[in-house]
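This report concerns only the one structure given below.
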Amino acid sequence: MTTGRVRVVVATTEGPAEIRRITAEDPSLRSVICLAGTSQALPISNAYDAFVRAPTGMIERAVGHPAFRVDVDRPIGDGESWQLGLYLAHRLKAAGRLAEDGAPADGVLWATGRVDHDGRIGSVGRIDVKLRRSGESWRPEAAPVLAIVPVADREQIEEGAAPAGFELLPVDQVDMVIQHLGLGIPRPVRAGPPWRFVGGLAAAGVVAIVLVLSPADVGIEPPPAVEAPLPASTRVASPPTAAFEPMALRLALEEKHAQTSDAGCAGAGTLAAVEPGAETVAGVCALRWSVANTGAVSAHVWLYAVVEGAFREYASRTRSSGYAAGRLEPGAVASVTVAPPSWLRRAATVRAILVVAAGERPQIDQVFTDIDLASADDLDRKVAGLIDLGVHVVDRRHRLIPSLR
Amino acid sequence: MVGATTGDARRDVGGASVGRMVLDGGRSAALDQAFRTVADTDLGEGAKYGPATIRALAHVITARAYGKPLLELAHLVRVAEAAGGRHGWPAVFFGVRVARPSAFRAAMQIGARRCAAFDAEFSLVEDGVEIAYPDGVFRVTYGRMPFLAALMEFLVTALGYRAVDGVLRQGLDGRFAAGTASASANALSRALYDHLKAHLPAAQAVRRFRRLIAFLAAARGAGFGLDDVDDQAVLDYWAGAEPDTAAGHPADDGADDVRTFRAAVEQMARLRTAIEAGAERRAIDGAAPLGSDRERGEIDPEMLVGVLEAHDEAGDPLAVLAEFPAARVKFLTGRETAELDPIAALGRQAVALPLSILRLATFGAVQNRLAQAARRRAPLAERTPLINGVGGETYAERREHWRALADRVQRIAMAALGALLEAGRLEAATEIIDQAPDLDLSVLRRDLTAQGGGAVVALRGDMAAGLLTALGDRTVVGDRAADLVAEARGALRAVSRSGFTAGDRADPEVRDGLAAGLPVLRRLMARFSELRAAVDAALPVERQDARFAADRAVFARRFERLYGEAA
Amino acid sequence: MSVGWRDLGANGQALAEAVYTALDRTAELRTAGGDDEAPPSSSTLWAWVMGGAETRDRLAATWRRYPALKDDVAALLDRAAVASLPRVAAAATEDAVARRIGTGAAIRLLPSRATPDQTYVVITLDDPDRTPGQLIAVTGDDLVVQRLDPPVDGTIQVLTETASDLVRALADAETRVWLL
């Protein structure tokens, strides 16, 4: 099942729930799971949203977008066993291989399992009931059906419990399935144009922009290459050729704090890596957003960061933003640094938008040409437009509390 | 400025208009509706405002004696605004589901816990809340709050929420001083005055009053007195009322006010009360020192409302029985309630007009059927027998019916007593002592004193059982009380109405209902007993058939004019 | 001995007349009735405003049936609400309203990309600790009540049909909105 379109069903004790469609929604929305095209949001929607949205969620980290709507053809009740099916569906969707809206499928994936932050697949229980229920009420269109179950639950499955045509695949890491499906394997792409950068599109001096093409940058270690080695599996096909993998482009964030409280932000300062979106301490002088190419092939990136907040109405001509765009070779890091105005004494939000594509995309350049004039709503629309282009988009916010002096 | 904020002295919620008011002969549909809105308020736990509260509200409105209550209200609003938290005063006034003192006490206690102002500006005292202004202290009791809440409900219904809140807001935002409340109260008073000026015309009632006085002067002479307002006057007034002439005075549209015999009885009963009140004032004026500045004819609204409170007890017993908690017990059937209604409605004046009540119970019932027949345009052939009294009760039958009704209700009262005894409620003891006031309780007193450590100040709960047991013990309280207790227990076994079954009696709410309803029922039955005695005195049995025949002729003639061929 | 009418004197007679008229009027007030149900009182309106799903229909029916009570209902809603959002300024009313900002909350309407005939109603609360349970929107004779799920991170999201009463009301510049 390494190529072709795949239909994904989430195994439930009431029968299999087919994922009919996944749609990227406006990033400001919370993700929802709806019943078959209706506006009836299932009660698990909040849990699904948490599963999607970074930093806690898996999906945004995997596909770079924080808000989706999923339509399923049958209610999915409480619990977390839907996580594996949804995760795999998102990965297939990102790869353009999810069979949606009843389109013909080359294979069917039947999945049940919890997925933790590190991609480990956890036990869910009652798998025999789910299998039996599927055998009674469901006639899959393609065979065999690849049934993904947690390794920890393998013991529960009695001999002959799986319906005819089911091929059981017990796994304990999502990457095992990803590899089995032929996802996440880089392929060579043609080289893009050299890097260029645009600094302070409408700024008046408070923006510091740094574009770094080397991992070595003022004492900051580049983000580690975290794509874990694929675990061995008897069912894993031989690795395909390298391909562009958007997920290999990792966004990282560092906060610059005053070196001493007396010096304020005028001094050299210290940098500390933080999780975007996490609560951090006060006294932040600037934020540096970095994108590192941890993959094997070069990619094109567009990175924009801006300080949001009500103060913008007051200081409309001193906007704090930074922008960098260009080709990023394997192992290279690009970053932009933004600082709030020195007089800001209350919390502000810094928004970063990262776009990753395999190659040059003039349409994306166009989106960024006037971005410094964009309102918050305009930014939302621009992000939505970028997603519609089918490229990998990461839209993150981080709240900083400036130096109080 | 209240005038500016209300801007609508003729606020019309339900579509009634000033034009409609004129068509109805001076009765404002809008005001009636506003009052009904208040009286009908039910937040799912029975009527929010009890009959006594509604009655008091009606008195204050009709006597225009709202000055002092509005001042109390303005003070209470200041406390409620604090106690109501984020939602302010509406949370207290509107949020209380049944307007009882206990409910307001609870609301204030909850509010006080979360509001720091209760440690400084306001304080909870035993019977209410106290406001410590820099220029004085003002107290509103919990017992007064149900009425003030009803007044607030009426104000908002009549004037609109924004208008009332606007005035109150000025006070709340103003200086924390007693004088600020006075300003708010005055502003509300002016707004209400303007509203009532348009909606509370007295002209029709005054016309009725003068018509009655003219009738009595014509019928009994200019020197008529209270004793002339009697059963015969009622019958004559009703029988003689005609659109063309009424006892010789010029035609007016007032004849329509006395189409029903009940209306005539009620008007005469009211006139009796009014004359009694006038006599009381005469006595006070006579005792007043020389140089009193009392103006001729001037009526102090506060005094008027005092008179109303003292004289107008109408309708209360049945209303109390119909409201929670007494409503949990079926003391009376619907038919029994209807039969006792005139007695309850007319109060002590019913006893003063006993034959009128008897006529109302017999011919009044016929008139109701005739009125219904007329409304549905029944053929004359159907109406004629009714006009001639065919099928109606005779006085003998009615009196026998009343005797049976009294016996039946007495058994219900005894059964209620039995249920209270069974439940160990102290109200049972009160009832027994009330019903047998000459009981010799010396032995009991000695026993209780021994239990209570030498002083019977109040009965403790653990004494209740002993007391009730003692009241059933012939050796302690004698035969009379013991017979009463035995009779009550026997009656309880024989009654199966709702509230009296074994299952119902286990419900604490039903027990509360029994305790609340029994004294009311007993007072009503005492009045009924007085009435029957008055009928016996006014109409000895040997004369009742002749009286009935004569009266039937009078009623037949009047019915013929109202509902017969000529009508 | 009977009290004579003439013996009452002018003051006594005046009081008698006042008492009679007051009793007469009191009786009329207390027996005031009619075929129609009386309009709900402020206590009743308050209970409905503060109440949950079971009172929605009654509040909406009252809004339609008693135009004169609209102002009272709106005022009580103002008093009870966690947040209130006024009519949208005239200058912004050329198109359907997509964003409303009020005291305590802002509301956005976002069409679903997945299903264009569905719309997300996104309510952002200024104070996440004040959690409304329902939204009431009024425009003209319509009063729309929407039950709200608890907020997540200060935001409540409702997905509904674009043609629903809720979205139509929220898109109308004349609509006033309260969160309770």
## Note on the structure
Note: C:78-84 gets an average of partner chain Cβ contacts (10 Å, Cβ to Cβ) equal to 3
### Query
Which of the aspartates and glutamates could be linked to B:Lys48 by a straight reach, that is with a Cα gap under 14 Å, when you skip same-chain ones fewer than 8 residues away?
B:Asp40, B:Glu153, B:Glu323
### Rounded FRET efficiency, nearest 0.05, which uses the C-beta distance separating A:Leu373 from C:Ala89 and R0 of 22 Å
0.40
## Note on the structure
The Cα radius of gyration of the range B:470-567, divided by 2.2 N^0.38 Å with N its residue count, comes to 1.81
### Query
What's the long-distance tail for the range B:2-201, i.e. % of Cα pairs beyond 27 Å?
27 percent
### Query
Helix C:70-80: angle to the longest alpha-carbon principal axis of chain C, degrees 0 to 90, nearest 10?
70 degrees
### Query
Once the dipole of the range A:6-180 is set up with Lys and Arg at +1 and Asp and Glu at -1 on Cβ about the Cα centre, which of A:Gln173, A:Leu84, A:Pro55 lies farthest towards its positive end?
A:Pro55
### B:Ala322 versus A:Ala272: modelled label distance in nm, points set 7 Å from Cα along the beta carbon direction
7.5 nm
### Task
Could you calculate the FRET efficiency of C:Thr103 with C:Thr131 from 1/(1 + (r/R0)^6), where r is the beta carbon distance between them and R0 is 22 Å, rounded to 0.05?
0.85
### Task
Would you mind checking the tilt of helix C:9-31 against the longest principal axis of the Cα atoms of chain C, expressed as 0 to 90 degrees and rounded to 10?
40 degrees
### Task
Consider a paramagnetic label point 7 Å from the Cα of B:Arg97 along Cα→Cβ; state which residues of the range C:46-74 have an amide N under 15 Å from it.
C:46-55
### Between helix C:56-65 and chain C: long-axis angle, C-alpha atoms, 0 to 90°, nearest 10
60 degrees
### Task
Quick one: order A:Lys130, A:Lys382 from most to least accessible surface, probe 1.4 Å.
A:Lys382, A:Lys130
### Message
Between the range B:175-199 and the range A:5-48, how far is it from one alpha carbon centroid to the other, in angstrom?
### Response
61 Å
### Message
Run the simple label-point estimate for B:Asp300 and B:Asp483 please: 7 Å along Cα→C-beta, distance reported in nm.
### Response
5.1 nm
### Task
Quick one: net charge around C:Thr44, please, counting Lys, Arg +1 and Asp, Glu -1 for every other residue with C-beta under 12 Å from its C-beta.
-2
#### Entry: Förster radius 56 Å - calculated FRET efficiency between B:Val541 and B:Glu126 (Cβ-Cβ, nearest 0.05)
0.50
### Task
Net charge near B:Glu81: determine it from the other residues with C-beta under 14 Å of the C-beta of B:Glu81, scoring Lys and Arg +1 and Asp and Glu -1.
+2
### Message
Need the C-alpha centroid separation for the range C:135-180 versus the range B:78-118, integer Å.
### Response
31 Å
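The values are calculated or read from the model by the stated rules, or taken from the named source; none is laboratory data. Predicted, not measured: the structure shown is a model, and the values here were computed from it. Here Cβ is always computed from backbone atoms with ideal geometry, including for glycine, and neighbour counts include all displayed protein chains. Note: accessible area is taken over every heavy atom of the protein model, side chains too, but ligands, DNA and RNA are not part of it. Shrake-Rupley method; radii C 1.70, N 1.55, O 1.52, S 1.80 Å.
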